[in-house]
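The values are calculated or read from the model by the stated rules, or taken from the named source; none is laboratory data. Because the structure is a prediction, the values reported are computed rather than measured. Methodologically, a virtual Cβ is constructed for each residue, glycine included, from the backbone with ideal geometry; neighbour enumeration extends over all protein chains shown. The accessibility values were calculated without ligands, DNA or RNA, using every heavy atom of the protein model including side chains. Shrake-Rupley method; radii C 1.70, N 1.55, O 1.52, S 1.80 Å.
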Amino acid sequence: MSHLADCRLCPRDCGVDRLADRWSACKTGRYASVSSCFPHFGEEDCLRGARGSGTVFFAHCNLRCVFCQNYDISQAGRPGAGRGLRPHELATLMLELQARGCHNINLVTPEHVVPQILESLPLAVEDGLRLPIVYNTSAYDSLDSIDLLGGIVDIYMPDFKLWSGERSRTWLKASDYPAVARAAIRAMHLQVGSLELDAGGLARRGVLVRHLMMPGCFDETASILGWLADELGPGTYVNLMDQYRPAGKVDGRHYPELDRRVPAAEVQKAVALAERLGLRLDQRAAVPP
């Protein structure tokens, strides 16, 4: 927990003393806040299976995506909103998800609460937690955080959002996002390798990369897919997500370039490119609308 005293757990490098329950970019002090916790049936097939992925949605975020579809959870809440969960309470949530039959523990938006997660997991394991741990991240993670998670996380699921620093500055409010994401994903892959599925098709270990396609940004998608094939290798498991919709701060007056859906032709073009590169596509991405 000493990492919280001069917090540099994410690339914001705020240096705030979160042990004293202060906060900065992530709006989170000593304890992690959870916005919801339930078996999720909307995740990739290899995570949800028949009984759902046990998702723990953490409140707040270290990015400021203007198009965030969970804006009310990630950005709209006041700093420190929601009672922070003590370690045993977070551990209990994980055990309850296991008791409900979930196939894994899926930690969503965890970038800013890595120490709190690592404080809670041993308690859960002592009380019988045996599920794979999924780290479901924006990829805006520090290498120190990824190093802390070595040997703990079974499945890394980064969302590689954008390749361009300029678009990242405008839409994510983080111009360093592309370089940070590349470094973080490399480190994740070095730890756990490519995604491995069991005999029933469920993910057990490895990296699963998500990419939310954005309208008019096929160049971003092409650069990201090309990098994944070159850096992580053909066979890398990728979910090309086509469900973008205007949300958050996006409307006809603000960020009008994002105020539309992704054309089906762009999705089909991206799927074809991924297949040519030898990437392993999530089945839902392989059949575009």
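Can you tally the net charge around residue 13? Count Lys and Arg as +1, Asp and Glu as -1, for every other residue whose Cβ sits under 11 Å from the Cβ of residue 13.
-1
Sort the following peptides by mean Cβ neighbour count (other Cβ atoms within 10 Å, averaged over residues), highest first: 28-36, 93-101.
Ranked from most to least packed, the peptides come out as 28-36, 93-101.
Where only protein heavy atoms count, and the probe is 1.4 Å, what is the accessible area per residue for region 80-218 in Å²?
Using a 1.4 Å probe on heavy atoms only, each residue of region 80-218 averages 36 Å².
Can you pull out the cysteines in the chain that have no other Cys Cβ under 4.7 Å?
Unpaired cysteines in the chain: 7, 10, 14, 26, 37, 46, 61, 102, 217.
I want to verify the translational diffusion coefficient of region 77-148 in µm²/s; compute it with Stokes-Einstein, Rh as the Kirkwood radius over Cα pairs, at 20 °C and 1.002 mPa s.
So the translational diffusion coefficient is about 163 µm²/s.
Put one equal scatterer on each alpha carbon of region 146-248, apply the Debye formula with no solvent term, and list log10 I(q)/I(0) at q = 0.13 1/Å to two decimals.
-0.49
If you place +1 on the Cβ of every Lys and Arg, -1 on the Cβ of every Asp and Glu, and leave all else neutral, what size is the dipole of the chain about its Cα centre, to the nearest 20 Debye?
620 debye
Read through the labelled values (i) 63, 54, 38; (ii) 48, 48, 29; (iii) 89, 59, 39 and report the label of the one computed as Cα extents along the principal axes in Å from the structure.
(ii)
Counting helices only, and only those DSSP H runs with n ≥ 4, report the 222 nm mean residue ellipticity of the chain as the sum of -39,500 (n - 2.57) divided by its residues, in deg cm²/dmol to the nearest 500.
One gets -9000 deg cm²/dmol as the mean residue ellipticity at 222 nm.
Quote the charge dipole size of region 148-234 about the Cα centre in Debye, to the nearest 20; the model charges only the Cβ of Lys and Arg (+1) and of Asp and Glu (-1).
Dipole of region 148-234, to the nearest 20 debye: 220 debye.
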